[in-house]
Amino acid sequence: MTDFLQNCIDGVMIGSSYALLALGFTIIFGVMRRLNLSFGPTIMLGAFGGAWLYLHFNINPWLVLLACIVFTVAAGVYVERLCFNAIKRNVAITSMVSSFVIWMQLEEIAIHILPDRTSPFPPLFASLSFEAGPFYVRSEYLFMFAVAVAAVFAVERILHRTWFGLRLRAVAEDPRAAAYMGINAGRVSVYAFVLVSVLGAVAGYLILAADQQVTPFFGLWATFKGLIAMMLGGMGSLPGAIIGGLLLGVIETQSLWYFGNEYKDLAAYLVLFLMLIARPGGIMGQRLVERRRLAFRRV
Amino acid sequence: MLEVSRLSVSYGQLRAVAGISLAVAAGEIVSLTGANGAGKSSVLDGISGVAKAAGGSVVFNGREISNRPPHHPGRRGLVQVPEGRRLFATLSVRENLLLGAGPHCGRRFSNSDFGGVVEFFPALQDKLHLSAASLSGGEAQMLALARGLMAKPKCLLLDEPSLGLSPAATEDVYRLIAGMRPLNIGILLVEQNVELGLSVSDRGYLLESGRIVLAGTPQQLLSDPHLVSRYLGAGENTPNHG
């Protein structure tokens, strides 16, 4: 039982970073009604930019974090302009395909920046272990969890307490009606990409700082983890993204402990497969779809 | 205030509006009536920039605004209340109103913006925190009108405000539209019900197949044999409009 609970603690800690990745996918999906497959690679490119500065100028880890955010935001805005703004809303498949092409491009750029493929990545502080009875938790995972909780509250506040958040929700619900309100949907879309790029960069930094290395495959990894967490929680649902991320973390740590490393990802895919059969909208998505359907029927 | 000259709107091969000209002055209510599919909503969409104008010009307060992105005219005080209301169903009444306030709302949410507008629509006063989806048809139309007024418009483009409403709710909504006169806002009112539209208007236009076929005061229009025979259900053998 102790092992099970310890795995749950570890899973929630790791899952909090998945939740941040899933939040990024969910916000873009909510606003654009399209999947941004190159979200992971933009985070990876930002991390490579930070790692390059760290290797060549030995800068402070906090500055590496800042550099990761700046590079990821730049890459995110590049993706938005090329794959989403330039392509009309009703051709979602074209956007998805073009975001996949940009994914390849971003990986190539990362390999040119650091040809060694695996590069060191600096942690923010030395690792410590906190113990409480039979349980323990590593400081970097505790920090990851705390940052994720703070980020979720910040996103909730931005979406529900700011003028930008209100416009973003309006564009997500009905872009044409938003245009009638004088809302510039293109600008809202750019700001949404900036927001999710910051979230992604912070999540990416925390994950890579725990591993202390970065490879070009991190983009693929981040896209998979974010997408699976989003689909588990429910596409388009912000609480669903958080629940999906935490659940994915717990599934992975439990299967790693009980079945071994080779079954970790397999278990996650199996749970996703079962979820899609039993509840195609994900944990929260079905309720979201139903609520929206009822609301639209009335108005 | 609003001058539309030879405006055309096309959707692919289909020409919905074929070179119409009209004008709305400050404080004036002008109705644009016609049958289903005559192109009334396309005229409004062409003016506001929601639909691309294929030709002609739209001048608002001395500035050419045709084919500007749809969020531009709103910022200049030309606000469209679209057909079917297009409320944000998952947002609250208050949030819908705030979105209507647009650039006048500023960066922070403020209750001061509600002041005059909510007073004008007492039915909404107790429902600010409810979801827009919970409103009745009449209340939803009032919210759409109130949302239009939140932007402090100089000119309102109202598209079929009676659509889908009960007779009682329609009467309430039209009483409110007539009550907007003292606000000195120019109103271009699209209405399929000719008598209803003209009942609150200073002038009117009759649109058929994307062209204006009649223009004048309500008295002139309502005494025109063509309009009477085609839209008011009078005798079949009245002389053709010339």
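Taken together, the values in this text are just the output of simple stated rules run on the coordinates, not laboratory data. Every value quoted in this text rests on a predicted model; they were computed, and no experiment measured them. Neighbour counts are summed over all protein chains in view; Cβ atoms, including those assigned to glycine, are modelled from backbone coordinates with ideal geometry.
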Would you mind giving the mean number of other chain beta-carbons within 10 Å of the Cβ of each residue in B:77-90, as a whole number?
-> 5
Can you find, among A:Asn85, A:Phe218, A:Gln6, the residue farthest towards the positive end of the dipole of chain A? Put +1 on the C-beta of Lys and Arg, -1 on that of Asp and Glu.
-> A:Asn85
If you find the alpha carbon centre of the stretch B:42-67 and of the stretch A:104-126, how far apart are they in angstrom?
-> 51 Å
Please grab the % of Cα pairs in chain A that end up more than 28 Å from each other.
-> 38 percent
Checking B:Ala168, B:Ala144, B:Ala38 against a Gaussian network model of chain B (alpha-carbon springs below 10 Å), the top fluctuating residue turns out to be B:Ala168
Across the alpha-carbon set of the stretch A:32-132, Rg over Rh with Rh taken as the Kirkwood radius works out to 1.10
Dimensions (Å) - the stretch A:133-269, Cα atoms, principal axes, largest first | 56, 32, 29
At q = 0.07, 0.10 Å⁻¹, what log₁₀ I(q)/I(0) does a Debye calculation on the Cα points of chain B give, no solvent, two decimals?
-> -0.23, -0.46
Relative contact order as a percentage, the stretch A:126-176, C-alpha pairs under 8 Å and 6+ apart, gives 17 percent
Chain B: most fluctuating residue of B:Gly179, B:Gly12, B:Gly55 per GNM, C-alpha cutoff 10 Å = B:Gly12
Label-point separation (nm) for A:Leu124 and A:Ile59, each offset 7 Å from Cα along Cα-to-Cβ?
-> 1.7 nm
So which lysines can A:Lys264 reach, going by Cα to Cα under 18 Å and dropping same-chain residues fewer than 8 places off?
-> A:Lys225
Radius of gyration and maximum dimension Dmax of the stretch B:1-101, Cα, Å | 14.3, 41
The Rg/Rh figure for the protein assembly as shown, Cα atoms and Kirkwood Rh, to two decimals is 1.09
For chain A, modelled as a Gaussian network with Cα springs under 10 Å, which listed residue fluctuates most, A:Gly236, A:Gly133, A:Gly40?
-> A:Gly133
Computed magnitude of the charge dipole of the protein assembly as shown (debye, nearest 20; Cβ of K, R +1, Cβ of D, E -1) = 820 debye
Roughly how many debye, to the nearest 20, is the charge dipole of the stretch A:2-298 about its Cα centre, given +1 on each Lys and Arg Cβ, -1 on each Asp and Glu Cβ, and no other charges?
-> 1680 debye
In whole Å, how far is the Cα centre of the stretch B:163-197 from that of the stretch A:214-277?
-> 55 Å
For the protein assembly as shown, give the share of DSSP beta bridges that are antiparallel, in percent and rounded to the nearest 5; count only bridges with both residues there.
-> 60 percent
Sequence-separation-based contact order of chain B, relative, with Cα cut under 8 Å and 6+ spacing, percent | 27 percent
